[in-house]
Amino acid sequence: MSAAGMRCPACGSTNIVDDDLYSQAQLVCVDCGSVVSEGVLANDPVGGSDVSFSRTTAVAKRPCANLIKGQQRVKAICRILMVNREIEDLSQTHYKMAYEHKAFLKVSLQKKDILTGCCVLVSCRQLNWPITVGTISCLLDADSMVVGAIYQEMVKNLSIEAPIINVTDVIEAHCHEYKISSLDVPEELAENSRDLTKRAVALVELAADSWIVTGRKPIPIMMAATYLAWQSLKPNKHRLKFSLDKFCQVAKVKKLKSAMTRVAEIKEVLCKLGKEIPWVRETVTPDNVIQLVECILQNRYALLRRAMRTHEDALLEESQASCAEAPPESSSQISECADQTPITSFVKQNGSNSDGKEKPGDVDYNPRVLPEHSGTQESQNPPQNWGKRVLFAPPCVIHAKKRRAEQPEHTDVTGDEEISDSEIDSYIRTPQEARDFALMQQMLSLSDSAKS
């Protein structure tokens with residue numbers, strides 16, 4: 001832009017333009033390059049014009065390397081689990097929110113790595129994609145207890161509402177992990193995934209009705225149910241000979257230590273119900289109960305009621321026999337104690353009434369209903385390990401931990417008491433002990449000198 005009415009004092013040219021290349025505007029002659037006039041610094045604000053930091057650097061804020069690495073880790077876990085794009089995007093959003101939260105700013109890189117799996121887990125649960133903490137722990141190669149603690153912390157800090165899933169919701173995805181299709185194993189060992197899932201769900205529901213699921217980790221229970229379902233669908237000699245170790249090797253899954261215990265517990269429940277089948281004449285044992293699984297599952301509610309009624313009748317007969325064999329002077333006391341047990345009170349509540357209109361078998365028994373304790377004396381002195389007398393009870397009741405007995409405090413002992421002569425004599429060595437001690441000292445000294 002030329003400045004009109006001005007002339008260059010050096011060459012006399014009128015070709016003068018504004019040069020605003022630098023921060024201060026100047027009038028420069030185009031012909032000779034002389035500066036005709038300079039801008040007035042007094043017109044600028046004190047300290048120069050205000051310019052923002054982003055305009056001076058001209059560089060956009062980039063995410064840190066750990067955030068980028070964490071997002072890549074989230075994407076890799078989603079690709080391994082083969083989830084849809086919606087879950088992957090939600091996991092990325094959750095991880096960015098958690099990474100920038102003040103509770104996770106100054107944590108170790110290991111915790112941030114576990115945080116990636118927790119974000120995938122909560123996203124899957126929010127979008128109804130069944131997955132367990134054990135699966136995430138296996139992918140992260142971390143302890144499931146640590147993963148669970150970080151998951152709870154993340155959900156609390158981010159105020160995320162994650163639905164709680166049931167073990168039956170994830171068993172379908174768990175059954176797909178077993179490579180037992182006709183493409184992977186021989187025909188006599190192959191099984192359809194849909195039939196396997198249906199039978200395993202029924203076994204898990206039976207385990208839940210008999211308190212086996214209570215307070216237990218879900219993966220060992222699902223593994224035990226899958227193994228028993230696989231055996232019971234075609235109980236031939238090939239499958240019945242397979243142990244849990246061999247089954248896991250064929251199915252290409254890692255066996256858990258507690259899964260064998262869950263197998264034994266489920267078999268024990270199946271045996272209790274199998275004994276109540278009217279048309280079964282032979283003795284039901286854990287070895288032959290697999291052949292009766294289909295019949296037990298089809299009639300499990302009727303068999304549960306029948307087993308509860310049989311067990312309670314046996315307890316009543318036992319209590320009556322003990323009262324009959326008791327001496328006359330103590331018979332009233334024994335009958336009173338028998339009435340105070342939780343089993344008999346439970347039978348009285350659910351058994352036949354005084355009018356005889358309702359039989360014990362007509363009551364809808366629920367094995368998950370625990371007997372109630374009534375009375376102040378019973379609440380103060382509960383029966384010890386009453387779970388062993390109940391047909392179905394929680395594991396914490398059947399295998400109750402022994403509580404340490406409280407020792408009474410001796411307030412009369414001060415430490416200034418006189419020591420009796422008999423106690424002093426017990427501390428003094430006898431002549432024979434003194435000779436043995438001297439001989440042992442001599443032998444030790446000789447051995448030390450020989451070594452040196």
Checklist entry - What about Leu139, is it assigned to a helix (DSSP H, G or I) and open to solvent by 20 Å² or more (accessible area, probe 1.4 Å)? => result yes
Checklist outcome for this item: Leu67: passes all of (1) open to solvent by 80 Å² or more (accessible area, probe 1.4 Å); (2) at pLDDT 75 or above but (1)
Checklist entry - Counting only residues that are touching a residue at least 24 places away in the same chain (Cβ under 8 Å), in a helix (DSSP H, G or I) and among the aliphatic types (A, V, I, L, M), how many does region 111-134 have? => result 5
Next on the checklist: For region 166-175: of the residues being in contact with a helix residue (DSSP H, G or I) (Cβ under 6 Å, 6 or more places away or on another chain) and either at pLDDT 90 or above or not hydroxyl-bearing (Ser, Thr, Tyr) (or both), which is most open to solvent (accessible area, probe 1.4 Å)?
Outcome noted: Glu172
Checklist outcome for this item: A careful count of residues in region 128-159 that are of a type outside the set (Ser, Thr, Tyr) and under 25 Å from Met223 (Cα atoms) gives 18
Checklist outcome for this item: With the first residue restricted to region 271-299 and required to be under 19 Å from Ala202 (Cβ atoms), and the second required to be aliphatic (A, V, I, L, M) and surrounded by fewer than 18 Cβ atoms within 10 Å (Cβ to Cβ), Cβ contacts under 7 Å at 6 or more apart or on different chains are Gly274/Val280; Ile290/Leu240; Leu292/Ile277; Leu292/Val280; Cys295/Ile277
Next on the checklist: Quick check on Ala264: is it open to solvent by less than 30 Å² (accessible area, probe 1.4 Å) and within 24 Å of Ile296 (Cβ to Cβ)?
Outcome noted: no
Item to check | Qualifying positions in region 86-127 - surrounded by 16 or more Cβ atoms within 10 Å (Cβ to Cβ) and among the acidic types (Asp, Glu) | outcome: Glu88, Asp113
Checklist entry - Out of region 286-327, which residues are of a type in the set (S, T, N, Q) and either part of a helix (DSSP H, G or I) or open to solvent by 60 Å² or more (accessible area, probe 1.4 Å) (or both)? => result Gln291, Gln298, Asn299, Thr310, Ser319, Gln320, Ser322
Checklist entry - Out of curiosity, is Tyr178 in contact (Cβ under 8 Å) with a residue 24 or more places away in the chain, more than 20 Å from the chain's Cα centre (by Cα) and open to solvent by less than 20 Å² (accessible area, probe 1.4 Å)? => result yes
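The values are calculated or read from the model by the stated rules, or taken from the named source; none is laboratory data. From a predicted model like this one, the values you see are computed outputs, not experimental measurements. Counting neighbours? That spans all protein chains shown, and the Cβs are built from the backbone with ideal geometry, glycine included. Remember, those area values only see protein heavy atoms, side chains included, never the ligands or the DNA or RNA. Shrake-Rupley method; radii C 1.70, N 1.55, O 1.52, S 1.80 Å.
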